[in-house]
Amino acid sequence: MEKLIYAVTWPADADTEELSTRLRGPVADELRASGARGLQVNVSDSDVASATLRRPPSGHRVDAVVSLWVDTWRDAVRGPLERSLLSMADAIAGWVVTESVPIEPSDPSPGERTPGLSNIAFIRRSEAMSHPDWLDYWHNHHTDVAIETQASIGYVQNTVVRSLTADAFPVDAIVEELFPIEAQSDPHVWYGSGGDQRELDRRMGLMFESCAKFLGPDVGVVPSSRFVMSSPFA
């Protein structure tokens, strides 16, 4: 089984809430009928409108992120899936990824919103590091720093294997971190510092120092609401 991730851009004049409902309704049904064994939808909707950290990856507006688990990424399988997404989108960009889950999110029943803020980061490798060294630092060193300095309630790391669409922007990994909903505008909640400014500064300093060692420039950040429509492991 393979995991595919698609960044979705709505039409400029779209009603975000209406398209979110459609994506999680009839389009989700089409995706499952076309062979998706698992489906997760992340939407940048009104519930995360107050998020202060928001940065289009490589200058590309991303309104939703769709994760699909399929038997194979072959064109014959992907074609119907991508056509369903394009039926409601201006553009999609897709990648095959490998998934690592340091902190399993606590998802409710299928189709319900997972509590909290789901922050999705599109990251690039630092050119100062080889790919093996980058993977080693990220997974075996930075992951511990991130867990120890932040109040994460979910942490999913997706390493990009290959791009799937012609216009996919450059990205080496797609990371999903979940926090209490108040974290979208309160750094003390994000970092779990309990309102202590010195502790917040300490935690942020450790996190930023670690990020600087392995991240390239132009990290894209998309705040979102997470909906697991169906699990491939159920």
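Remarks
- Scanning region 178-234 for residues that are within 18 Å of D107 (Cβ to Cβ) and of a type in the set (D, E, K, R) returns a single hit, R226.
- Total residues in region 101-133, condition touching a residue at least 60 places away in the same chain (Cβ under 8 Å) and of a type in the set (D, E): 3
- Of the residues T143, T159, the single one that is in contact with a Pro (Cβ under 6 Å, 6 or more places away or on another chain) and either touching a residue at least 12 places away in the same chain (Cβ under 8 Å) or under 23 Å from P56 (Cβ atoms) (or both) is T143.
- Among residues of region 24-45, those that are acidic (D, E) and in a helix (DSSP H, G or I), counted: 2
- Given (1) farther than 19 Å from A168 by Cα; (2) charged (D, E, K, R); (3) touching a residue at least 40 places away in the same chain (Cβ under 8 Å), number of the condition D136 does not satisfy: (3)
- Restricting attention to region 140-169, the residues that are surrounded by fewer than 15 Cβ atoms within 10 Å (Cβ to Cβ) and either modelled with pLDDT of 95 or more or in a strand (DSSP E or B) (or both) total 7.
- Residue within region 89-98 that is β-branched (V, I, T) and in contact with a Gly (Cβ under 8 Å, 6 or more places away or on another chain) present: no
- Among the residues listed as A36, A49, the single one being exposed (fewer than 14 other Cβ atoms within 10 Å of the Cβ) and among the small types (G, A, S): A49
- The residues of region 54-90 that are of a type in the set (D, E, K, R) and within 23 Å of P232 (Cβ to Cβ), listed by number, are D71, R74, D75, R78, E82, R83.
- Scanning region 46-73 for residues that are of a type in the set (D, E) and within 14 Å of the chain's Cα centre (by Cα) yields one hit, D63.
- Checking each residue of region 197-206 against the condition of being among the acidic types (D, E), surrounded by fewer than 18 Cβ atoms within 10 Å (Cβ to Cβ) and part of a helix (DSSP H, G or I) gives at least one match.
- Screening region 46-134 for strands (runs of 3 or more DSSP E) wholly inside it with 3 or more residues that are touching a Phe, Trp or Tyr at 6+ places or on another chain (Cβ under 6 Å) and not hydroxyl-bearing (S, T, Y) returns the ranges 91-103.
The values are calculated or read from the model by the stated rules, or taken from the named source; none is laboratory data. Computed from a predicted structure; not experimentally measured. With ideal geometry, Cβ positions are generated from the backbone for all residues, glycine too; neighbour counts draw on all protein chains shown.
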